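See below for the structure under consideration.
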Amino acid sequence: MKVAIRYFTKSKKGNTEKIARFVSETIDVEALDVTHPLEEDVDQLLLINAMYAFDVDKAIKDFLENNASKIKCLININSSASGSSTYKSVKKVADKYNIPMSEKEFHTAASWIFINKGRPNADDFKRLEDFLKEVVVNG
Ligand SMILES: Cc1cc2nc3c(=O)[nH]c(=O)nc-3n(C[C@H](O)[C@H](O)[C@H](O)COP(=O)(O)O)c2cc1C
């Protein structure tokens with residue numbers, strides 16, 4: 001079973017990159033940003049992203065468009081300041097390009113300007129570790 005990790009991080013805090021690094025260390029799979037296309041078909045793509053202006057960034061949408069045929073199952077791992085998940089935004093793109101997407105996702109509240117200082121925190125990472133054990137084939 002092949003698992004790949006791709007992420008897109010935008011803010012100076014680099015919350016998504018931190019989450020991607022944690023996932024990478026936990027499941028022992030390299031985390032690359034979305035400028036790296038998939039080189040082969042993957043059973044699970046862990047797409048690590050965040051909410052910007054009530055949506056996911058174009059970089060995430062472009063990655064899905066350009067790699068759709070290689071993704072057997074997309075798993076959404078994401079953060080936002082408000083506590084709202086990016087699931088619907090990502091699902092819309094996945095549906096457009098016929099990418100199967102897991103109903104299970106991981107979301108955490110995360111810091112932005114003065115909101116949610118210190119998040120994701122140790123509890124958030126523990127929840128993420130549990131999620132990976134449950135959902136990821138080599139978690
Ligand atoms: C430009 C910008 C726009 C954002 N817009 C939203 C938003 O509409 N809703 C929300 O809940 N969080 C919003 N956030 C907060 C981010 O989703 C949150 O801080 C996330 O963890 C950022 O990940 P990053 O550090 O990897 O870029 C925004 C953050 C930035 C930098």
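Observations
- Figure legend. Inter-residue proximity from segment 3-15: first residues assigned to a loop (DSSP other than H, G, I, E, B), second residues more than 7 Å from the ligand (Cβ to nearest atom), beta-carbon distance below 7 Å, spacing 6+ or different chains. Indicated pairs: Phe8/Asp33; Phe8/Val34; Phe8/Asn49; Phe8/Asp57; Phe8/Ala59; Phe8/Ile60; Lys10/Asp57.
- Scanning segment 16-51 for residues that are assigned to a loop (DSSP other than H, G, I, E, B), aliphatic (A, V, I, L, M) and within 16 Å of the ligand (Cβ to nearest atom) returns Val34, Met51.
- Any hit, segment 91-102, residues being of a type in the set (Lys, Arg), within 15 Å of the ligand (Cβ to nearest atom) and either part of a helix (DSSP H, G or I) or touching a Lys or Arg at 6+ places or on another chain (Cβ under 9 Å) (or both): no
- Residues of segment 52-79 classified as farther than 27 Å from Lys126 by Cα, surrounded by fewer than 23 Cβ atoms within 10 Å (Cβ to Cβ) and within 16 Å of the ligand (Cβ to nearest atom), total: 4
- Selection of first residues in segment 125-139 that are surrounded by 14 or more Cβ atoms within 10 Å (Cβ to Cβ) and of second residues that are modelled with pLDDT of 95 or more and basic (Lys, Arg), restricted to Cβ pairs under 7 Å at least 6 apart or on distinct chains, gives the following pairs, ordered by first then second residue: Val135/Lys104; Gly139/Lys133.
- Condition check for Pro100: closer than 16 Å to Phe8 by Cβ, surrounded by fewer than 13 Cβ atoms within 10 Å (Cβ to Cβ) and touching a residue at least 12 places away in the same chain (Cβ under 8 Å): no
- Filter result for Ser82 (more than 21 Å from Asp33 (Cβ to Cβ), at pLDDT 95 or above and assigned to a strand (DSSP E or B)): no
The values are calculated or read from the model by the stated rules, or taken from the named source; none is laboratory data. What you see is a predicted model, and the numbers here were worked out from it, not measured in a lab. So basically every Cβ, Gly included, is an ideal-geometry build from the backbone, and we count neighbours across all protein chains shown.
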